[in-house]
Amino acid sequence: MEIRFEPIIGEIAPELQVVAIEATVVNKPTPDELWALINRAASDLREVTELSDINKRPGIKATREAYKACGKEPNRYRPSAEALSRRAVKGIELYRINTLVDLINLVSLQSGYSIGGFDAGKIDGDVMTLGVGREGEPFEGIGRGELNIANMPVYRDGTGGVGTPTSDNERTKLDIDTTRLLICINIYGIEMPVDDVVAFTVALLEKYTDATDISVNMYKPNL
């Protein structure tokens, strides 16, 4: 999969880095060991973070600034890393979905980055473009119904929108039958070092999804 950028993305988020990780995987119900890691990460964040400080985490703050630059209000459409962190700090139990989804949530919780997780077999074509949502553009958010993605960063394939930092699309979502994974780590501003977040993600994939054929590519809008 290749990631391309509309020119406006380079204008509003010149420091953006997208790490695309692809792998052949075996998805399954989330094992207790992985779930314990997620709960520990949530507990650790809760111990050191006030609710009012979540939007000051560097990765989250930079994503919110990109929303504002696009013309989107981040308090109404929170980036997923922020929403996940708020849930953890409030002490609300996180959703247990499946290994791939929960693994991505763990990385997001610890890194501060909003991460797109896609079933690569459901993506139309071998190129995704990151641009900005248009008024009235259809997008069915996972578990959210129709989502207003106008003025929001959005990945599109040959059919239409597949992911935003707020929610991915039902059409390309990860399910228990997913065998080919695409992860897009959206780094609008550095929090966890890039090499560390890649190593952490790959290690989790290898341990919990028997990942093979792993590829890692970095994309920047101004290259």
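The numbers here are math on the coordinates, done by the rules we state, and not lab data. This is a predicted model, so every value here is computed, not measured. Please note: Cβ atoms are built from the backbone with ideal geometry, for glycine as well, and neighbour counts cover all protein chains shown.
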Candidates T63, T24, filtered to the one that is in contact with a Ser or Thr (Cβ under 8 Å, 6 or more places away or on another chain), polar (S, T, N, Q) and crowded, with 19+ Cβ neighbours inside 10 Å: T63
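Picking from G143, G136, G161, which residue would you name as being touching a Pro at 6+ places or on another chain (Cβ under 9 Å) and either under 19 Å from F5 (Cα atoms) or of a type outside the set (A, V, I, L, M) (or both)?
On the way: G143 fails: touching a Pro at 6+ places or on another chain (Cβ under 9 Å); G136 fails: touching a Pro at 6+ places or on another chain (Cβ under 9 Å).
Going through G143, G136, G161 in turn, just one is touching a Pro at 6+ places or on another chain (Cβ under 9 Å) and either under 19 Å from F5 (Cα atoms) or of a type outside the set (A, V, I, L, M) (or both): G161.
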Residue check, G117 small (G, A, S) and farther than 30 Å from D44 by Cβ: no
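Per-residue answers, yes or no, for (1) out of contact with any Phe, Trp or Tyr (no Cβ under 9 Å at 6 or more places or on another chain); (2) closer than 20 Å to G116 by Cα; (3) surrounded by 14 or more Cβ atoms within 10 Å (Cβ to Cβ):
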site: G10; (1), (2), (3): yes, yes, yes
site: V19; (1), (2), (3): no, yes, yes
site: P29; (1), (2), (3): yes, yes, no
site: A36; (1), (2), (3): yes, no, no
site: L45; (1), (2), (3): yes, no, yes
site: S52; (1), (2), (3): yes, no, no
3 or more residues β-branched (V, I, T): qualifying strands (runs of 3 or more DSSP E) within the range 116-170: 127-132
Qualifying positions in the range 69-99 - surrounded by 14 or more Cβ atoms within 10 Å (Cβ to Cβ) and acidic (D, E): E82
Cross-chain or 6+ apart pairs with Cβ under 7 Å, the range 158-174 first and among the acidic types (D, E), then crowded, with 18+ Cβ neighbours inside 10 Å: D168/G116; D168/G117; D168/F118; D168/I142; D168/V162; E170/I142
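Let's see how each residue does on (1) within 22 Å of D175 (Cβ to Cβ); (2) over 18 Å from the mean Cα position of the chain (by Cα):
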position	(1), (2)
E11	no, yes
P14	no, yes
T24	yes, yes
I38	yes, no
E47	no, yes
I54	no, no
R64	no, no
Residue match in the range 131-144 (condition: surrounded by 13 or more Cβ atoms within 10 Å (Cβ to Cβ), among the β-branched types (V, I, T) and within 21 Å of R86 (Cα to Cα)): yes
